[in-house]
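In what follows, a single structure is set out as structure tokens and then discussed.
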Amino acid sequence: MKRKTKNVLSQIGLRTSDSPISWLMKTKIERPNLVSLAAGFTDNESLPLSISRRLLNELLEDEVIGRAALQYGTTAGDDALRELTAKRIEYLDKSSSDKDMANIAKRMVITHGSQQFLYILTEALCDPGDIVLVEDPTYFVYLGIMQSRGLNGRGIAMNHDGIDLNHLERVLESLRRSGELKRTKMLYLVSYFQNPTGRSTSLLIKKGALDLLKKYEKAAGHPIYLLEDAAYRELGFAGQSDSSVLSICDASERVIYSGTYSKPFATGVRVGFGVLPEDLLAPFLRIKSNHDFGTSHLIQKLVFRALDSGEYFKNLEKAQRRYQFKANVMYDAICNYFPEVVKWQKPDGGLNFWTELPRSMNTGLKSKFFQEALNQNVLYVPGNLCYVDDSTRRTPSNEMRLSFGAASEKEIRKGIQSLGNVIKRK
Ligand SMILES: Cc1ncc(COP(=O)(O)O)c(C=O)c1O
């Protein structure tokens, strides 16, 4: 950075570091022959091209509706889309009677992707130096938000059905003893087919986590929120999964839910949503108003029409089948090409396989292993990028996130075979 620029930047401008995903994406663009098992992109073939063309045409053919869609909307988002989104959550949660569910639409904000929801929420709750508890490992782009905003993190160990509640309690207790609980604002869980591990958190664990957070809020002097990021909720392969935190009785003032239309419909629409406790809604909307005073009205109308016409669900079924197929291709390839020393588990949904190599194999961006994989024309997400900076534990550096979302069937096989060769040579 030039010296003059350095002098003019704000603390946040200076502090915010490069996102590793931008580098991974740039590398793929510069080297088109590279097989990227790193990209967070979704499957190109499942994108709703003709549906979107038809629905947008219908929308814009109507003079009144078309003009309204091309106007500004409201900061909270389109009422009709919020109603349908709330109904969808109720359906997925198998509960329509609970009183907390009743006002979900009123507590909902439509955002520019769920990424914007996560950002604004974090901005509304946390000052530099505050603490967010995250899964170990977690969604690494959220770690970017934390880094940029000067937050500290503590990693909570994971089991196969979500976080380890005993560990959560130990961390909360140690924060209480050190006086840092006052700075602890929330626990962030990516609860369905987690990015990066593919694991899901059971409702039991979510309830257990919420009880623990409530137990420690007196010592904190404020609520410690449970933020559930359900970005991959609709990308399951095998029927319905557990209900969300919104279904937990009398929890509406302590839980926050974040969802998206990116993954189940089209990443390019950049429409996400979140449900907030009533107390947080107004501060959130004030900040969002400064960001953009509302998400693209036209695109919200497109998503509404897709849901209302049922086209959304038809397309979703197609996408789910396609991801299941690709997951099977990756499964077969891993069985064929990876040696037995590699530990992994087949996911029931989402877009990723999480693989653990022997401890001696460093998979980090600067490692020989990563360089050899690049030489073999294959890219993956190094596992250590998915761990929050937390000096109370060692950061594992022997894992890889392998995505089957964007790569073709042929690329998946080729990429896994090449990675298998690199592993076998180590
Ligand atoms: C866990 C998780 N949450 C949130 C997002 C943000 O997605 P979007 O902004 O497209 O809704 C992503 C994107 O990859 C994700 O993996």
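The values are calculated or read from the model by the stated rules, or taken from the named source; none is laboratory data. Keep in mind the model is a prediction, meaning the values are calculated, not measured. So basically every Cβ, Gly included, is an ideal-geometry build from the backbone, and we count neighbours across all protein chains shown.
When we screen Lys28, Lys94 for residues that are farther than 24 Å from His297 by Cβ, buried (at least 16 other Cβ atoms within 10 Å of the Cβ) and not hydrophobic (A, V, I, L, M, F, W, C), the only hit is Lys28. Within the stretch 207-230, being within 16 Å of the ligand (Cβ to nearest atom) and in contact with a Ser or Thr (Cβ under 8 Å, 6 or more places away or on another chain) holds for Leu227, Glu228, Asp229, Ala230. Yes or no: the stretch 287-309 includes at least one residue that is free of Cβ contacts under 8 Å to residues at least 60 places away in the same chain and within 30 Å of Leu70 (Cα to Cα). The answer is yes; a qualifying residue exists. When every residue of the stretch 309-316 is checked against the conditions, at least one turns out to be modelled with pLDDT of 95 or more, in a helix (DSSP H, G or I) and within 16 Å of the ligand (Cβ to nearest atom). In the set Thr260, Thr267, only one residue is more than 24 Å from Glu169 (Cα to Cα), within 16 Å of the ligand (Cβ to nearest atom) and surrounded by fewer than 23 Cβ atoms within 10 Å (Cβ to Cβ); that residue is Thr267.
Scanning the stretch 115-155 for residues that are β-branched (Val, Ile, Thr) and away from the ligand (no atom under 16 Å from the Cβ) yields one hit, Ile131. The number of residues in the stretch 1-25 being under 17 Å from Phe140 (Cα atoms) and modelled with pLDDT under 90 comes to 8. Restricting the first member to the stretch 359-371 and to residues that are within 11 Å of Gly383 (Cβ to Cβ), and the second to residues that are hydroxyl-bearing (Ser, Thr, Tyr), the beta-carbon pairs closer than 6 Å and six or more apart or on different chains are Asn362/Ser397; Gly364/Ser397.
Answer yes or no as to whether Ser247 is small (Gly, Ala, Ser), surrounded by fewer than 23 Cβ atoms within 10 Å (Cβ to Cβ) and out of contact with any strand residue (DSSP E or B) (no Cβ under 8 Å at 6 or more places or on another chain).
Working: small (Gly, Ala, Ser): yes; surrounded by fewer than 23 Cβ atoms within 10 Å (Cβ to Cβ): yes; out of contact with any strand residue (DSSP E or B) (no Cβ under 8 Å at 6 or more places or on another chain): yes.
In short, yes.
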